[in-house]
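Reviewing the structure listed below.
What follows draws every value from the coordinates through simple rules; no lab data is involved. These numbers were taken from a predicted model, which means no experiment stands behind them. All Cβ positions, glycine included, derive from the backbone under ideal geometry; neighbour counts span all protein chains shown.
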Amino acid sequence: MSTWFTDHTVESAPPAARRAMTGVRNERGYVPAAVARMAASPQLLDGFLRLSKMFEGSTLDPLAREVVVMAIATRNDCHVCVAMHSARLTGLGAEPDLISALRSATPLRDTRLETVRAFTLRVLDTAGAVGDEALSEFLGNGFTPQQALEVARHRRLHDVHAREPADGSAGGRPAQRVQHFWWGSVFLLNIPVVLLALAATVAVVPGGSGHRDRPWDLIASLQAMVALAGLVYAVQEAAKPGPMPLAIVLALLAAAAGAWAFARRQRRQAYPLIDFSLFRNRSLLAG
Amino acid sequence: MIAAVLAMAATVGIELLLTQRLQLVMGLTPLHAGLIVTAFAAGSLPVGVLAGGLLHRTGARPLIGAGLLLGALGVLVTLLLTPGAVALLGSGRSPAWVVPGLVLVGAGLGIVMVAASVAIIGGAPPERAGMASSIESASYELGSLAGVTVIGTILTAVYTQTIHLPATASARAAGSIDQARAAAGHLPAGQARTLLDAAAGAFDNGYILALAITAIALAAGSVLF
């Protein structure tokens, strides 16, 4: 990842950082990436750990503390921080929804936690000079002036390690950028392939416009669609926690009606979408 | 239809099992796991060509039967040679040991798919060729769906039924192996190891059962043809 900064182990770290690192390792069972990188500067690591300890002694509850940290970490694009604190949130039993909202820096559903998040961002935007309105809103949601100061103080801690380039040099950047795309964008890879296939089809595949005398049956397609959509909806509803029996029954009835109408229409049309007698062919059935 | 559904269900099921086993138990990257699974394609490409040549002499059904049997054998070899799954190979062995089995499965199911395609299209009169080819295509979709559903259900059911959670682990870890891995991320090293071992053991119970069922289904199919 980073070509300028090394992730130190307790053994490779400068002697002055080793004691602090061993302490973290004994407490957590592993050395977080942020600590491993900061170990290059024992003074920085020492300052970071002291400020962390102070924040852990804060009167904010653990979940609210993690909300503060995640708001700052996402704002700073600090990937190692986001990773480490996501894991900690899971450990605190936070809902997956909450964690993903924090990771994508979107508003939280829980109004108390959203107050903390909004106040933290306000602290960052105003360098601590939040103004009376933001402060009274924070206090109005049941928080104390002491807690407002604790949020503001925590900004300092992350200033310290935001200065430390967590994802390093120019060399590390492209890989980090890739992880920023939504996972679904991987499917965009198909587009050039499909365009090429379309062009090749026009150029290579023989055959004209098909049989104009055999029209495509739109109504039958819609009937089949009702049958399939109803069936899929019923299955999905049944698999949900707390399914609605009425919705399942209605969906199944719609599916049955669609299938029945489709089958009836296929038998009567001169040019059906599918000829059911094909299924009586043993070779086709076996293959 | 039957052969196409069966071959596709087995293909997708095995890919699902192996990509998860390689990443979540053996700790490979998605790229590395994906590369190993391409052994399947390496097996099926050349035999596709060979089967096409044989088809006119033997007819489709003997080839389908032989392909399903070879596939069943390949699944068995994959299971026996998965490091750490059965007693044959220790968990420290290279993940590349699954490659020979995968090549066999790819070869067997590759033959089946070529022969099934010919049997389906050849079974319909020429003016119904379009319908026959859409039946073929729908069979592959149905097979993929059935493979993911059946194999995925076996994996999850066996995992949740057989996991023995260490007392220190979060209850979420009982849901699936990736939740167990997430939960292990913030346990002290020793406890994390215990949890990961328990999760890998429970996952492997499902992995072994799912591969065994796949092998039996393919072998049973080969008797039919």
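Say a site is exposed when it is one of the trypsin sites (Lys or Arg not before Pro), sits in a DSSP loop, and has at most 15 other Cβ atoms within 10 Å; what is then the longest site-free stretch of chain A?
Values: sites that count: A:ARG109, A:ARG212.
The segment A:1-108 is the longest one with no such site.
What average number of partner chain Cβ atoms lie no more than 10 Å from the Cβ of the residues making up B:169-180? Present the calculation step by step, with values, prior to reporting the outcome.
On the way: counts 0, 4, 1, 3, 0, 0, 0, 0, 0, 0, 2, 0.
The shielding value for this peptide is 1.
With springs only between Cα atoms under 10 Å, which of A:VAL194, A:VAL130, A:VAL232 fluctuates most in a Gaussian network model of chain A?
A:VAL232
For a protection proxy built on the mean count of beta-carbon atoms within 10 angstrom, sort B:15-28, B:185-198 highest first, please.
Details: B:15-28: 20.0, B:185-198: 17.2.
Sorting B:15-28, B:185-198 by mean packing, highest first, produces B:15-28, B:185-198.
List, largest first, the extents of the alpha carbons of the range A:216-286 along their principal axes, each in whole Å.
44, 30, 16
Using a simple spin-label model with points 7 Å from Cα along the Cα→Cβ vector, what separation in nm is obtained for B:THR58 and A:ALA263?
Between B:THR58 and A:ALA263, the label points sit 3.7 nm apart.
When Lys and Arg each count +1 and Asp and Glu each count -1, what net charge do the other residues less than 15 Å away from B:ALA129, Cβ to Cβ, add up to?
Numbers: positive: A:ARG214, B:ARG128; negative: A:ASP275, B:GLU127, B:GLU136.
Within the 15 Å Cβ shell, the charges total -1.
Quick one: plug the Kirkwood hydrodynamic radius of the protein assembly as shown (C-alpha pairs) into Stokes-Einstein at 4 °C, 1.567 mPa s, and report D in µm²/s.
Details: Rh = 27.7 Å.
Rounded, D is 47 µm²/s.
Work out, step by step, the length gained on full extension between A:ASP61 and A:HIS211: first 0.36 nm times the residue separation, then minus their alpha carbon distance; give nm to one decimal.
Working: separation 150, 0.36 × 150 = 54.00 nm, distance 7.17 nm.
The A:ASP61-A:HIS211 span can extend by a further 46.8 nm.
Within chain A, what's the longest run with no chymotrypsin sites (Phe, Trp or Tyr not before Pro) in a DSSP loop and at most 12 other beta-carbon atoms within 10 Å? Give the range, please. Before the final figure, lay out the partial values.
Numbers: sites that count: A:TRP4, A:PHE181, A:TRP182, A:TRP216.
That would be A:5-180.
Arrange the following residues from fewest to most other Cβ atoms within 10 Å of their Cβ: B:LEU165, A:LEU45.
On the way: B:LEU165 18, A:LEU45 27.
The most exposed by this proxy come first: B:LEU165, A:LEU45.
So what's chain B giving for Cα Rg divided by 2.2 N^0.38 Å, two decimals?
With N residues counted in chain B, Rg over 2.2 N^0.38 Å equals 1.13.
Rounded, prolate or oblate: which fits chain A when a ≥ b ≥ c are the square roots of the eigenvalues of the alpha-carbon gyration tensor, with rounded for a/c under 1.5 and prolate only if a/b beats b/c?
Details: a/c = 3.12, a/b = 2.11, b/c = 1.48.
Prolate is the answer for chain A, as a/c is 1.5 or above and a/b outweighs b/c.
How high is the FRET efficiency from A:TYR30 to B:THR29, r the C-beta distance, R0 22 Å, rounded to 0.05? Show your work: numbers first, answer last.
Numbers: r = 20 Å, r/R0 = 0.89.
FRET efficiency, A:TYR30 to B:THR29: 0.65.
Quick one: A:MET38, A:MET70, B:MET1, fewest Cβ neighbours within 10 Å first, how do they rank? Walk me through the numbers on the way to the answer.
Details: A:MET38 28, A:MET70 25, B:MET1 21.
Ranked by crowding around the Cβ, least crowded first: B:MET1, A:MET70, A:MET38.
Peptide B:2-14: average number of partner chain Cβ atoms within 10 Å per residue? Write out the running numbers ahead of the final one.
Values: counts 4, 3, 2, 0, 0, 0, 0, 0, 0, 0, 0, 0, 0.
That works out to 1 on average.
Of B:MET1, B:THR38, B:PRO83, whose Cα points farthest to the positive end of the dipole of chain B (charges on the beta-carbon: +1 Lys, Arg; -1 Asp, Glu; origin at the Cα centre)?
The residue sitting most towards the positive pole is B:PRO83.
Where the only charges are on Cβ atoms (+1 Lys, Arg; -1 Asp, Glu), what is the dipole of the range B:82-182 about its Cα centre, to the nearest 20 debye?
Values: 4 positive and 4 negative charges, 79 e Å.
Charge dipole of the range B:82-182: 380 debye, to the nearest 20.
Which parts of the range A:229-259 would a label at B:THR160 reach, counting a residue when its backbone N lies under 15 Å from a point 7 Å out along Cα-to-Cβ?
A:238-243
When Cβ neighbours within 10 Å are restricted to other protein chains, what is their mean count per residue of peptide A:266-275? Don't skip to the answer; put the middle values down first.
Working: counts 0, 0, 0, 0, 0, 0, 1, 3, 7, 6.
Per residue, the average neighbour count from other chains is 2.
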